[in-house]
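Presented below is the structure to which this report refers.
Derivation of every value follows stated rules applied to the coordinates shown; laboratory data play no part. Note that the structure is a prediction, hence the values are computed from the model and not measured. Ideal geometry is used to build each Cβ from the backbone, glycine not excepted, and the neighbour counts take in all protein chains shown.
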Amino acid sequence: MTLKAAIARNPQNTGTGEYNALKYAMSWIAWPFLFMTCLGATAYGFSIKDPAYMPYLCFNLSYLFLIVSLLWLERFMPHERNWYKADGQTWANIAHTLTSKGTSQILLMVNTYIGANMLTGGSSGLLGIQIWPSEWSLTAQVVLAVIVSEFMLYWAHRTAHEFMPLWRFHAIHHSVEKLWIVNTGRFHFIDSLYSIVLGILPLLALGASMEVVMWLGVVTAFIGMLTHCNVEMRFGILSWVFNTPELHRWHHSKVLREGNTNYGENIMLWDHVFRTFFHEDRRPPVNIGITEHMPVKFTQQLVWPFLKEERRKAIGAAHKESVRISVGKGDPLQAAE
Ligand SMILES: [Zn+2]
């Protein structure tokens, strides 16, 4: 099969007609290259513990490198050109990122200084016996940590979709109508807290070291950023193992059969086990979001999950009315839809 035919056959092709050999090769290489480069650079920082800020410096530089690379790739080889359009949510996305990350940082600090020892009885875990295999290599411990914590993260995410009081918080994340790296951290801080506590708890209970817990945070940060990017990438077998953008786009579908799937945060193991893995050989939906209306402002989004149903419906009705009026006035954006 010629390269041109291979590109045309791929259901992920955006059909923009701009694909060439370079972009095709990059679409295969981008995800593993960025992920491994960032992991490698962070591991280098962890290997040089003197001065003590080196792990943090290397992690943050890697994170910055990832952000800049993905912002460029989103322009150079986008998955969906329609997602270029401004959605008026950039500042709300950033505000949610800062509040949810801030909450988790505070939690980690409290946990480090008082919580972990109280909870786990020092390094020996909740049961007072050393269950965690601390004698394993760090790499093996991190792989185990990802597998163990993913079980809890899977259920935290799945219950956030299937249990209505939790869904209202998680709906903030799903209310966006386009995916790009700026909405990676768009989580209501309570939604964020819920999954972080559940994800870390088994590691602390089993007596994993803080270094292992931090590495779990590193892996989650890199994969999370990659998962939401609007870059045309191809994965093959990688999508059976990791949570990739092509899988996560299904998760943001408005169709329940497609959206209530692929709950894994980093890996897809538990989706395979509990049969929620979803990946069809066609292009994931462009028209993503939720069926209810979400207020536009960050502060309103923070209180939205606490509102009674009538109040949330009233906000939705007011929004529909404002859209109707703006279409009536000939708003080109709305009229085109
Ligand atoms: Zn979700």
*Hey, with R₀ at 35 Å, roughly what FRET efficiency would residue 85 and residue 151 work out to, going by the Cβ-Cβ distance, to 0.05?*
0.40
*Among 49/178; 49/297; 23/297; 101/178; 254/308, which pairs are too far apart, with a Cα-Cα distance over 31 Å?*
49/178; 49/297; 23/297
*In what sequence, highest mean first, do 226-235, 157-166 appear when ranked by Cβ atoms within 10 angstrom?*
226-235, 157-166
*Please sort 51-57, 185-191, 208-214 by packing, taking for each peptide the average over its residues of neighbouring beta carbons within 10 angstrom, highest first.*
185-191, 208-214, 51-57
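Quick check: residue separation of residue 240 and residue 257 times 0.36 nm, minus the Cα distance between them. What number comes out in nm? Spell out each step's value before the answer.
Working: separation 17, 0.36 × 17 = 6.12 nm, distance 1.87 nm.
Gain in length upon complete extension: 4.2 nm.
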*For the peptides 75-83, 248-256, what is the packing order when you average, over each peptide's residues, the other Cβ atoms within 10 Å and list the highest mean first?*
248-256, 75-83
_Under the 0.36 nm per residue contour assumption, what length would be gained going from the current alpha-carbon distance of residue 280 and residue 39 to full extension?_
83.8 nm
